[in-house]
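First up is the structure itself, then whatever we jot down about it.
Here, each number is a calculation from the coordinates, and none is a lab measurement. Everything numeric here is computed off the predicted structure, so don't read it as measured data. Here the Cβ positions follow ideal geometry from the backbone for every residue, glycine too, while neighbour counts run over all protein chains shown.
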Amino acid sequence: MTAVVAGLEGVVVAETELSDVDGERGELIIRGYAVEDLVGRVTFEDACALLWSGRLPDAPQREQWRARLAAARGAAYATLPSVGGALALPDGMDALRAALAHLSASGDVLADTVMVTGAAAVFAAAWARRQNNESAVEPDPSLAHAADYLYMMSGRQPAPPSVAGVDAYLCCVVDHGLNASTLASRVVASTGSDLVSAVVAGVGTLKGPLHGGAPGPVLDMLDAIGSPEHTHAWLRERLAAGERIMGMGHRVYRVRDPRAAALERVAARLEAAGIGGARLSLARSVERDAEAVLEERHPNRHLRANVEFYTAVLLEAVGIPRSLFSPTFAVSRVAGWCAHYDEQRRRGRLMRPVSKYVGIRYQDSGVRA
């Protein structure tokens, strides 16, 4: 008899040099760097180089990566007329998945990695504009990836503090161990399929509300609470009704998500620059009260703020609409999926787990007579 491990909890299926999540200590290590040492200190291009090449780039190398991603964004923009009705789909993740599926992999993993990473930003931004009946904005090759993403989304040159905020966010969520979407991408890679297929699988997995869909509801919660003095009563009412507190708790972390701490600091810098209004102070109040109420109600569950909690505050502050939150997550995480694809192809083997059959063994239908 084969033991069934629900949700593959604790099952080790791969060795990786890319990232490590320590849920007990609240650590996320990316290629040897703690995530809080990267967020706000390196660019998204740096984070990509770290994942794809194994080291942070020097200044000339950073410019080379920046130029390659800029060229990829330009190439993706040229494909917009050929993606059919993908960007007309009402859901941003459906649109991103469908648009990326139109790309053709060359078989050169690094070239395909850069292509798909650039394309994700172009397609997500173009979808957001189409939702507002606006034309897609041609990327500006002089801009870094984060700045160009904001520019393509808004049609305006973004303010430096907003660029820094988006850059920090993209670096923060670029990779996170063997999460559900990364596993899906690695399974596709293990079959010998192409990188585009692996990324499309990742997007489809990230769409699930249990994996990448929580930041928007955090803002809905903050909207409903309104002000700090209403927090405690609102939280108790929701818990009494059997509802979840959005942005609190994580499948792996038993302490506060280190990415929440990193993004809170970024949001504080935006607030100091006059961006974000009173959201941060309200969010901090809600987090404190939610932690206390949840500790009282569930003393053994250790429900602390996760990455979505301050993601919501940060992305709202820089002007990204709620409907674009999950696609923006994918704009970053695609770089991690590509790195895992490459690692799986080089070091892994076909993933072929087994299932435990619990159905009827034989039906008395006369078939075996």
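Things to note:
- Cα centroid of segment 220-242 to Cα centroid of segment 17-63, whole Å: 36 Å
- Order of 352, 304 - criterion: other Cβ atoms within 10 Å of each residue's Cβ, fewest first: 352, 304
- Radius of gyration over Kirkwood radius for segment 122-216, both on Cα atoms: the Rg/Rh ratio is 1.03.
- The mean sequence separation of alpha-carbon pairs under 8 Å and at least six residues apart, normalised by the residue count of the chain, gives a relative contact order of 23 percent.
- Square roots of five times the Cα gyration tensor eigenvalues for segment 215-317, Å: 22, 16, 10
- Mean residue ellipticity (222 nm) of the chain, computed from DSSP H runs ≥ 4 via -39,500 (n - 2.57), nearest 500: -17500 deg cm²/dmol
- Among residues other than residue 248 with Cβ under 12 Å from its Cβ, the summed charge is 0 (Lys and Arg +1, Asp and Glu -1).
- Evaluated at q = 0.07, 0.08, 0.11 Å⁻¹, a Debye calculation over the C-alpha positions of the chain (equal weights, vacuum) places log10 I(q)/I(0) at -0.32, -0.41, -0.76.
- Whole-Å distance, taken between Cα centres, linking segment 116-143 and segment 301-340: 18 Å
- Among 207, 356, a tally of other beta-carbon atoms within 10 Å of each Cβ gives an order, fewest to most, of 356, 207.
- Taking 360, 225, 29, 320 and counting other C-beta atoms within 10 Å, the order from fewest to most: 360, 29, 225, 320
- 3J(HN,Hα) along segment 112-120: 5, 4, 5, 4, 5, 5, x, 5, 4 Hz, from the Karplus curve 6.51 cos²θ - 1.76 cosθ + 1.60 with θ = phi - 60°, whole Hz, x for Gly and Pro.
- Taking one quarter of the surface of the convex hull spanned by the alpha-carbon atoms of segment 53-198 gives a direction-averaged projected area of 9.3 nm².
- Alpha carbon convex hull of segment 260-369, volume per residue in cubic angstrom: 245 Å³
- Residue 58 paired with residue 361, simple spin-label distance in nm, labels 7 Å along Cα-to-beta-carbon: 6.9 nm
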